[in-house]
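S.K.: One structure coming up, written as structure tokens, with questions to follow.
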Amino acid sequence: MGPRQDVETRRNYIDGQWVPSSGGRLDTSVNPANCNELVGFVQNSKRADVDAAVAAARRASQAWKALSGGARGDYLHRVAEVLARRMEEVAAIVTREVGKTLGEARAEIARAVAILRYYAGEGVRDIGSTIPTANGSGLLFTTRVPLGTVGLITPWNFPVAIPIWKIAPAIVYGNTVVLKPAQDAAVTASYLLECMHEARLPDGVVNMVTGEGAVVGQAIVDHPEVGAISFTGSNEVGRAVILCASARGAKVQVEMGGKNPVIVAEDADLDRAVDATVDAGLRSAGQKCTATSRVIVVASVYEAFRSKLLARVRELKLGDGARDDTWMGPCASEGQMQAVLGFIATGIREGATLAHGGTRAMAQDLSNGYFVEPTIFVDVSPSMTIAQEEIFGPVLALIKVPDLSEAFAVANDVRFGLCASIFTRDIGNMLAFIDEVDAGVLRINCETAGIDFQAPFGGMKESGSHAREQGRAAQEFYTAIKTVQIAS
Ligand code: NAD
């Protein structure tokens with residue numbers, strides 16, 4: 001398809017230059033709140049474009065890693081300043097491209113700015129430890145070195161925060177980067193690269209190639225000169241990425257899906273639990289890996305919780321995320337919407353009771369968008385598909401359990417283990433939850449989503465590769481340890 005005059009064409013960013021892809025093919029990015037509105041044209045790149053980006057990153061590597069950590073950190077501070085200054089412009093693009101509300105987009109960008117500042121400081125923090133020697137003399141210590149060029153493959157649901165929480169630690173520890181963002185969020189990614197360009201990040205330190213996952217993503221995963229791969233996305237793709245990257249000896253980290261439960265105990269503050277369930281389950285139309293998806297409620301408070309939840313959900317206003325009065329935006333793409341509607345149909349077929357929503361929202365101002373009504377299933381059995389599989393949409397499954405020990409068993413009875421939360425006032429319940437629930441992130445009296453950026457983040461079981469991102473934990477992935485001994 002050729003570019004239209006009035007819609008911007010975004011390019012790849014290689015070696016500090018904006019370049020078209022070698023084949024000249026373009027994809028369109030559309031507004032999911034109104035599929036007649038084009039957000040931009042983006043490059044549909046080929047393997048040769050990845051080769052060019054990797055070559056640029058390799059060339060930049062030596063000079064970049066030779067800088068002090070503090071000097072690299074100064075660049076991150078500058079990128080943070082530019083992104084903070086351009087917040088409104090970038091937020092508007094995020095809303096137009098993936099559908100989240102402007103408030104959600106602004107919060108995501110503020111988080112990305114904070115992450116950049118946090119990792120800017122990492123440039124001057126310790127990178128090793130001293131260890132007593134066996135014979136008591138000389139010096140034994142560890143230091144950390146960059147891995148070289150790393151490939152970063154990211155999803156569309158946090159189109160600013162996820163690329164930044166990978167790029168910032170990667171470059172502050174001295175690596176250079178080739179980023180492949182999701183094609184549905186590639187316009188937003190190009191704005192991030194513009195911020196880096198404006199901050200005068202040296203040419204080749206961060207490069208971006210957009211296109212299909214199976215072509216561009218796969219070319220990065222397979223590239224012999226990409227020493228490490230960090231991937232966030234679906235389980236299906238993530239598992240293949242682990243196999244391909246580790247088969248050629250690359251370091252690899254993947255963060256994948258979740259099926260996150262909130263547990264409501266007998267002594268819970270029900271109003272607080274309802275607010276947290278609605279926020280974590282339905283904000284961003286449920287399209288967060290940390291979204292609440294299963295609501296496991298102890299029988300004695302089940303009816304009270306259910307009626308409060310339904311009353312709250314009836315108040316939610318769907319609409320274009322750019323409107324001030326919108327609480328929930330659309331699914332991010334037609335494919336995403338169809339997948340969510342498919343899960344809803346399966347829930348009904350398997351016998352779950354639909355208590356609210358369940359359909360595409362077709363009111364006049366919504367009919368050109370990919371809107372799904374906030375959907376509540378009640379009396380769901382833990383073995384049903386909607387209680388087992390990640391839906392990634394505005395759908396909550398209420399499960400009634402006799403007591404907390406059954407709640408913990410149900411919480412653990414899925415293949416995922418990303419986040420879990422509990423609402424209770426009892427310290428014994430909290431300690432049992434921490435002990436018994438298998439999830440990388442445990443939250444007590446707060447929603448499953450929204451963990452602080454300075455803390456380690458990642459999942460157990462099939463939610464990830466058992467590594468952690470964010471906070472100081474990122475150092476573990478983006479560096480290699482050298483153990484050094486000097487005899488006296
Ligand atoms: P996806 O797996 O379809 O795509 C993720 C990225 O991988 C995209 O850039 C895509 O183009 C690329 N890709 C696709 N095929 C590839 C291949 N063969 N080789 C290399 N790369 C390839 O996921 P998505 O639909 O963009 O995102 C939604 C998923 O992401 C959900 O499952 C969600 O739970 C997960 N997610 C996880 C986290 C986390 O931190 N655990 C955070 C956000 C999203």
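Any read-out appearing in this document is the output of simple, stated calculations on the displayed coordinates, not a laboratory observation. Given the structure is predicted, the values throughout are model-derived calculations rather than measurements. Every residue, glycine among them, receives a Cβ derived from its backbone with ideal geometry; neighbour counts consider all protein chains shown.
S.K.: Taking the 0 to 90 degree range and rounding to the nearest ten, how far is the long axis of helix 87-98 tilted relative to the main principal axis of the chain, both from C-alpha atoms?
M.R.: In the chain, helix 87-98 runs at an angle near 60 degrees to the longest axis.
S.K.: Angle between the Cα long axis of helix 186-198 and the longest principal axis of the chain, 0 to 90 degrees, nearest 10?
M.R.: Roughly 40 degrees, rounded to the nearest 10.
S.K.: So, one more: If you average the C-alpha positions of region 265-332 and of region 349-376 separately, how far apart do those two centres end up, in angstrom?
M.R.: Each part reduced to its Cα centre gives a spacing of 15 Å.
S.K.: Around Val297, what is the net charge, scoring Lys/Arg as +1 and Asp/Glu as -1 over all other residues with Cβ under 12 Å from its Cβ?
M.R.: Values: positive: Arg294, Arg306, Lys308, Lys400; negative: Glu266, Glu303, Asp379, Asp403, Glu406.
Cβ neighbours under 12 Å give a net charge of -1.
S.K.: Oh, and also: Within a Cβ distance under 14 Å of Ala409, other residues only, what is the Lys/Arg minus Asp/Glu net charge? If you can, show how the numbers build up before the last one.
M.R.: On the way: positive: Arg294, Lys400; negative: Asp403, Glu406, Asp413, Asp435, Glu436, Asp438.
Net of charged neighbours comes to -4.
S.K.: Then there's this: Determine, for Asp435, Asp184, the number of other Cβ atoms within 10 Å of each Cβ, and report the residues in order from fewest to most. Walk me through the numbers before you get to the answer.
M.R.: On the way: Asp435 9, Asp184 24.
Fewest-to-most ranking of Asp435, Asp184: Asp435, Asp184.
S.K.: Compare the Cα positions of Ala304, Gln62, Pro224 along the charge dipole of the chain (+1 at Cβ of Lys, Arg; -1 at Cβ of Asp, Glu; about the Cα centre) and return the one farthest towards the positive end.
M.R.: Going by the charge dipole, the pick is Gln62.
S.K.: May I pose another question? As a test of the formula, what do you get for the chain when each DSSP H run with n ≥ 4 contributes -39,500 (n - 2.57) and the sum is divided by the residue count, at 222 nm and rounded to the nearest 500 deg cm²/dmol?
M.R.: Numbers: 15 runs with 187 residues, N = 488.
Only helices count here, giving -12000 deg cm²/dmol.
S.K.: Sticking with this one: Counting Lys and Arg as +1 and Asp and Glu as -1, each charge on the Cβ, what is the dipole of the chain about the Cα centre in debye, to the nearest 20?
M.R.: Numbers: 47 positive and 55 negative charges, 275 e Å.
I would put it at about 1320 debye.
S.K.: Choose one of Gly136, Pro163, Ile242: the residue whose Cα lies farthest towards the positive end of the charge dipole of the chain (beta-carbon charges +1 Lys, Arg; -1 Asp, Glu; about the Cα centre).
M.R.: Gly136
S.K.: Of the listed pairs Lys461/Lys482; Lys46/Lys166; Lys46/Lys100; Lys166/Lys400; Lys180/Lys259, which have alpha-carbon separations greater than 32 Å here? Mind dumping the intermediate values first?
M.R.: On the way: Lys461/Lys482 30 Å; Lys46/Lys166 23 Å; Lys46/Lys100 30 Å; Lys166/Lys400 39 Å; Lys180/Lys259 26 Å.
Those over the limit are Lys166/Lys400.
S.K.: Identify, among Val340, Ser488, Leu102, the residue whose Cα sits farthest towards the positive end of the charge dipole of the chain, taking +1 on the Cβ of Lys and Arg and -1 on the Cβ of Asp and Glu, with the dipole about the Cα centre.
M.R.: Ser488
S.K.: Compute the angle between helix 102-122 and the longest alpha-carbon principal axis of the chain, please, reported from 0 to 90 degrees and rounded to the nearest 10.
M.R.: Helix 102-122 sits roughly 40 degrees off the main axis of the chain.
S.K.: Another question, then. Taking the square root of 5 times each eigenvalue of the Cα gyration tensor, what semi-axes in Å does the equivalent ellipsoid of region 136-254 have, largest first?
M.R.: On the way: eigenvalues 132, 77, 29 Å².
Over the Cα atoms of region 136-254, the ellipsoid semi-axes are 26, 20, 12 Å.
S.K.: Return the whole-Å distance between the Cα centroid of region 382-415 and the Cα centroid of region 189-218.
M.R.: Centre-to-centre distance over Cα atoms comes out at 39 Å.
S.K.: Sum up the charges of everything whose Cβ sits under 12 Å from the Cβ of Phe433, counting Lys and Arg as +1 and Asp and Glu as -1, but leave Phe433 out. Walk me through the numbers before you get to the answer.
M.R.: Values: positive: Arg443; negative: Asp426, Asp435, Glu436, Asp438.
With Lys, Arg at +1 and Asp, Glu at -1, the neighbours total -3.
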